[in-house]
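Here the structure comes first, spelled out in structure tokens, and everything after it is commentary.
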Amino acid sequence: MQILVLGSAAGGGFPQWNCNCRNCAGMRDGSVRTIPRTQSSIAVSANGVDWVLFNASPDILTQIRANPALQPGRGLRDTGIVGVVLIDAQIDHTTGLFMLREGKPLDIWCTPQVHEDLTTGNPVFNVLSHFCTVQWQPVQASSPSPFSIPGAAGLRFTPVPLSSKAPPYSPHRHDPHPGDNIGVLIEDIASGRQVFYAPGFGAMEPHLDEYLGCADCVLLDGTFWTDDEMIRLGLSQKTARDIGHLPQSGTDGMIALLGRYKKPRKVLIHINNTNPILDEDSPERAELTRAGIELAYDGMLIDTGDNT
């Protein structure tokens, strides 16, 4: 099984177009050793030919051009993407669907909560009905059960509800439901290898222990280093946890949490432009390295058959 990181940044990408924080300004003038990143998305394949797209970021066309495997060119109109899984209804995970409007009907797997958000508060699906149309495939997070995707032979997917908030435009923004945000356990049926993908991991919950402990690789929320990161910079009045992200630092942060688990390869994805771990020479990045935690980057290929 191959996991291709199409984009590794949080909403806005890196550097963010209107941001002059230390990271963004340093990226532009070369004073910070780092690399640019597009907005978070991955693609998964069992055979390297047929790919399931997880989220469709606003940068999806750039990501497809940068990854030829997604455009095999077998016909006049063609794509390697056989289906789309949405983990939530956030703008940075769904706006890219508009860029796929020229193709065949989009087969999209998402929860009823995400479907509601994308047909009401932010009616992406309604707009697409005038173009390629959407073929919605319901995913039930309240009672998780595995599902398969036609065309993606050899893969099995299990939705896992995560504590979070629906987007600001959601009809139930202040009334959370299981299914507003999910993680997904991705399994290679032949090898038994498992990857747990949860870029919106907001808090540890008892039911998540088995997924973190048994997976061969985890791709988890890397948005913020500290809980008050945006507040200290004067960019927001909300903490990381307020907006559904578990920060890396602190006794109850992501680094401490992942330290409990020995088996999985540990990778952070969905990294905000303000996070000091983007600076490859920062003490925060060194702390991640000491903890055995990697940082996802655009174009990163994770092969679950590769033990290195």
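Any read-out appearing in this document is the output of simple, stated calculations on the displayed coordinates, not a laboratory observation. Please read these numbers as outputs of a predicted model, since none were measured by experiment.
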Point to revise | the range 1-67 and the range 157-209: distance between their alpha carbon centers, rounded to Å | key: 21
Practice item. Sequence neighbours fewer than 8 away in the same chain don't count; with that in mind, list the lysines whose C-alpha is under 25 Å from Lys238. Key: Lys165
Point to revise | Ser236 long-range amide H proximity, modeled H, under 5 Å | key: Ile231
Check your understanding: Dividing the alpha-carbon radius of gyration of the range 69-206 by 2.2 N^0.38 Å (N being the number of residues), what value is obtained?
Key -> 1.08
**Study point:** DSSP beta bridges in the range 2-303 [antiparallel fraction, %, rounded to 5]
**Key:** 50
Check your understanding: Quick one: Cα convex hull volume of the range 242-293, Å³ per residue?
Key -> 94
Review point. Once amide H atoms are built 1.01 Å from N in the peptide plane, which residues 5 or more positions from Ile271, or in another chain, come under 5 Å H to H?
Key: Ala9, Ala10
Exercise for review: Could you work out the equivalent-ellipsoid semi-axes for the chain, taking the square root of 5 times each eigenvalue of the Cα gyration tensor, largest first, in whole Å?
Suggested key: 27, 22, 21
Exercise for review: Starting at the first residue of the range 285-291, write each ³J(HN,Hα) from the Karplus equation 6.51 cos²θ - 1.76 cosθ + 1.60 with θ = phi - 60°, in whole Hz, x for Gly and Pro.
Suggested key: 5, 5, 5, 4, 4, 4, 7
